[in-house]
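Structure record follows, encoded as structure tokens.
Read-outs: derived from the displayed coordinates by stated rules, not from any lab. All values derive from a computational prediction rather than experimental measurement. Positions of Cβ are generated from backbone atoms using ideal geometry, with glycine treated the same way; all protein chains shown enter the neighbour counts.
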Protein chains: 2
Amino acid sequence: MSNPAPKPRARAGGRMARRSLRAMTDSTMLPGLVNSLPHCEVMDGAQVERIDNASMDILENVGVVFRDDIALADWRRVGADVRGERVHLDRGLVRELIKTIPSDFTYHARNPAHNVRLGGRHAIFVPMTGAPFLRDLDDVRRNPTLDDLAMFHKLSHMSPALHSSAHHIVEPYDHPISQRHLRITYSSMKHSDKTFMGMTTSPKNAEDVMEMCAVLFGEDFLETHPVTTGNCNGNSPLVWDETMLGAMRAFCRRNQPVLCSPFVLGGANTPASVAPAVAQLNAEALSALAYTQVIRKGCPAIYGHYLSSVSMKSGAPMAGTPEISLMNFMIGQMARFYGVPWRTSNTLGGAKTFDAQAGYESATTLSAVMHAGANYIWHSAGWNEAGMHCSVAKFVVDAEQCAMAYRMAEGPRWDDFDQAIAAVSDIGPGGHYLGHPHTQENFQRAFFLPELFDNNSIEQWMAEGSQEITARALTHARKLLQDYEEPKLDEAKNEALLDYIARREREIPAADALNQEF
Amino acid sequence: MSNPAPKPRARAGGRMARRSLRAMTDSTMLPGLVNSLPHCEVMDGAQVERIDNASMDILENVGVVFRDDIALADWRRVGADVRGERVHLDRGLVRELIKTIPSDFTYHARNPAHNVRLGGRHAIFVPMTGAPFLRDLDDVRRNPTLDDLAMFHKLSHMSPALHSSAHHIVEPYDHPISQRHLRITYSSMKHSDKTFMGMTTSPKNAEDVMEMCAVLFGEDFLETHPVTTGNCNGNSPLVWDETMLGAMRAFCRRNQPVLCSPFVLGGANTPASVAPAVAQLNAEALSALAYTQVIRKGCPAIYGHYLSSVSMKSGAPMAGTPEISLMNFMIGQMARFYGVPWRTSNTLGGAKTFDAQAGYESATTLSAVMHAGANYIWHSAGWNEAGMHCSVAKFVVDAEQCAMAYRMAEGPRWDDFDQAIAAVSDIGPGGHYLGHPHTQENFQRAFFLPELFDNNSIEQWMAEGSQEITARALTHARKLLQDYEEPKLDEAKNEALLDYIARREREIPAADALNQEF
């Protein structure tokens, strides 16, 4: 990707500079985004309170099912009204509990230069996860392996606007399910020194992730510094299950943040209407956010969700629709109302190939989440076919799109304004600016140059082989992988991690159920 | 397109309703959009004034070239400081002149049900124009004919979210250049009863458009009602030429609005920086807006622009970039500062085919212009290859995307909120909503169903022929053309229009220069 970094570079003018620009592939990570765009707020204060009030009514009167004995005992202990599996939460208790969730925190990477902040205007881009298929470097759709997963971790590392290598971007089928979380976690840690995610596919798997984090960062460091994030999906409407709650406890006890993510199929497991769906989702998210503080007061936590609307024609989940954008705007308002960092999903969509549908869906959602002011922007690269595959071509294009959104969210610069206005006088009517000193000094950072968009004439495009974006993106991905340099793990830590994995692989039977998360 | 209309439909539940939904293709035009989204304002008040001040300094001290003797005489008459071709405009004079531009007005169609408002929160979608090539119903790239133009006018008529049939969507090469404007205007008038644009390719051509409008609407009606819009491009930096100024006078004298559109190639004919480029563009737009009021005080006029940034690597114009989005946000702020309706360009992009690049570029710009609060959203369907071709497939997909953006810009509805929240109690934890009365009553309007996005499983998609969006869109376009019914012109008016064209074609020699506009 040429010139994605927003920071001023050294001055260099003319042909020499253009030549060096052409050769440059800068994979330096962009700092965590500070999103300066005004929030798109589609609700007034009274409407925000109406959602809050409806959610609190649901929590008090309908209640939330916690299918987990430990959680039920925890809720009883803090005075909730527990009837069977159903927990009725008083709004006073909920507000009291969520008050201790930090409004922002630093998410630590093994390379401290790659630490990022989350919350308020601070945001990060995280690649997609969970794909049972990939479209590979030849655009062939097939089941992924650990090598494929490593490839995506490398591409994450090489993409300036991605702030994380996530975890199981693709599901590595060449390793036993029950042991996969160990290899996935190791792959994230080894191939990138950015932040990464932790598997929550079972409470025990989550414990393993915590142990590996303790090896990498040190037990004490972990206690006081968030170093990973785990996702916990709710079963909408209004159910949290044992697997997710157990994983949540594993993370929160070690002070590691989870994403509390109701899984919304709008119209199927929520009312068929935007505002009431948000009210239900909000109740669900609040119930889990509150529980994180029952587990450990002050532990960071993230307001999550997975959003799709259901086609009432075919039953299929849909993304990139106007209602998804509206729900993002509204959820952003609710999360800010409670002062909790929030997660969204970025490039969700249903296209089967990397065609124009995929482009529209992804760009529509990316724009929406930027204007919504999301903090943890997950599924930011590679997602296609409703999450069934991760596409290499789409991965690198999405990553560049995130860099473009990043640039937009920085807003215009003003430091060169007077100098540039003086240039208007110098040039005068009918002139051109290419040779002016201001242009020479500023062209490298003035306008983003998308590496993967072709803006040449059709004649030049044909002369270069009439390649559509998929082909160009795959060539680019190959080049990134060629240029990749592994950010080496400390040798002792690497040994310790491998020892841990070896021990656990001896202990864990090589067969188990496959759990997916979104 | 299924279910694009925002208005509530008759209640109908269950399988019957789903069946009727499947068959329905509703081509009823959506009313002019009332964009309820908050404006994305990336400048504070002081920054808006800084742009205003810089633009006024440019107008006073650098001046603007009007390459046209009549305009120079007009400017002298109103007291401007004219030195040769360069007109220095005092900020007091500029502010005084633009004060009389209406902040909003009704744009009349021959079918009064298709009248639309422009200005404030009122916005319209207008298809692309000016393409020298098309990609046709077989996705073949070739030169267009009058029949192709008629096809695009029919598709405009059939697309609910398009509020105009524009004018020369494609350039009809099978008719002499010098007479084309007559056939183009007639095609717009005949194949659709929505609003249309008027050609400004020369002052005389513009006069012909005015005469044809007088035939269609009546001479007196024209005097007091905007019935068409003409685009006048500036030559940035700071030049307006005789052709555009002559066409502007033809329109304004008859009280018809023009779009005052500086043609920005950011970095080539503006400073290489976003804010100063906006300051220059703003000065250019203001100079032409002021001139419309010199021509006729109180005539409606539109703040325009054509925006691209130039790749400093290859010299190619670029679209869909972060700077284009930022400039849209800023231009919106400036137009609102002056209280003038404003035009933007929607789906600009450089892809050579309807691939994912085209999707990203189009959706990014569509989102930006919605959040920017643009009023006259031109080039909203079909644009590809930097405007070199209009794609049939992309045309119908873009039109559906506009319908989706329209839905988003309406914001969430609240009228069913309490009823839907009651449904949450009815269903309770772990239930599903598909059979609930609220769902049955609301599913048709709850979530937009994009007709041209495929959200089915890959197995079903393969069973249906593994069609990417281009193939599906072309099938859809064929169906729209099959279903098309001509909104008949009044017979006497039709005769009078044909007589006018026949007379003018006898008078105009069949050879002339080709003028393009953007």
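Here are the numbers:
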item: Reachable aspartates and glutamates, given that their alpha-carbon falls under 13 Å from the alpha-carbon of B:Lys479 and they are not under 8 places away in the same chain; result: B:Asp26, B:Glu451
item: Over chain A: helical MRE at 222 nm, DSSP H runs n ≥ 4 each giving -39500 (n - 2.57), nearest 500; result: -14500 deg cm²/dmol
item: 20 Å binning of all Cα-Cα separations within the protein assembly as shown, expressed as whole percents from 0 upward; result: 13, 44, 33, 10, 1
item: Nearest 10 degrees, 0 to 90: helix B:356-372 Cα axis against chain B principal axis; result: 70 degrees
item: For A:33-44, mean number of other protein chain Cβ atoms within 10 Å; result: 3
item: Rel. contact order, % - alpha carbon contacts under 8 angstrom, at least six apart, region A:215-357; result: 22 percent
item: Relative contact order (percent, whole number), chain B, Cα cutoff 8 Å, 6+ residue spacing; result: 20 percent
item: Nearest-ten-degree value, helix B:146-158 long axis tilted from longest Cα axis of chain B; result: 60 degrees
item: Cβ-derived FRET efficiency at R0 25 Å, A:Met388 paired with B:Asp483, nearest 0.05; result: 0.15
item: Net charge of Cβ neighbours under 15 Å - reference A:Phe66; Lys, Arg +1; Asp, Glu -1; result: -2
item: Other-chain or far-sequence residues with amide H under 5 Å of B:Thr195's (modelled H); result: B:Ser165
item: Fewest-first sequence of B:Asp454, B:Asp499 by Cβ atoms within 10 Å of each Cβ; result: B:Asp499, B:Asp454
item: C-alpha center-to-center spacing [region B:330-349, region A:231-247] in angstrom; result: 46 Å
item: Among the listed pairs A:Lys204/A:Lys297; A:Lys190/A:Lys394; B:Lys154/B:Lys204; A:Lys394/A:Lys493, those beyond 29 Å (Cα-Cα); result: A:Lys394/A:Lys493
item: For A:Val258, distant residues with modelled amide H under 5 Å away; result: A:Gly230, A:Ile302
item: Size of region B:160-232 as Cα extents on the principal axes (Å, biggest first); result: 34, 32, 22
item: Two-site FRET efficiency, A:Ile177 against A:Leu498, from Cβ-Cβ distance with R₀ of 25 Å, rounded to 0.05; result: 0.75
item: Order of A:Trp378, B:Trp240, B:Trp383 - criterion: other Cβ atoms within 10 Å of each residue's Cβ, fewest first; result: B:Trp240, A:Trp378, B:Trp383
item: Ranked A:Asp398, A:Asp418, A:Asp57, criterion: other C-beta atoms within 10 Å, fewest first; result: A:Asp418, A:Asp57, A:Asp398
item: Taking N as its residue count, the alpha carbon Rg of chain A over 2.2 N^0.38 Å; result: 1.00
item: Computed over region B:17-141, Kirkwood Rh from alpha-carbon pairs, angstrom; result: 20.0 Å
item: Label-point separation, B:Ala422 to B:Asp104 (7 Å along Cα→Cβ), nm; result: 3.5 nm
item: Helix A:469-483 axis, angle to chain A major axis (alpha carbon atoms, nearest 10°); result: 90 degrees
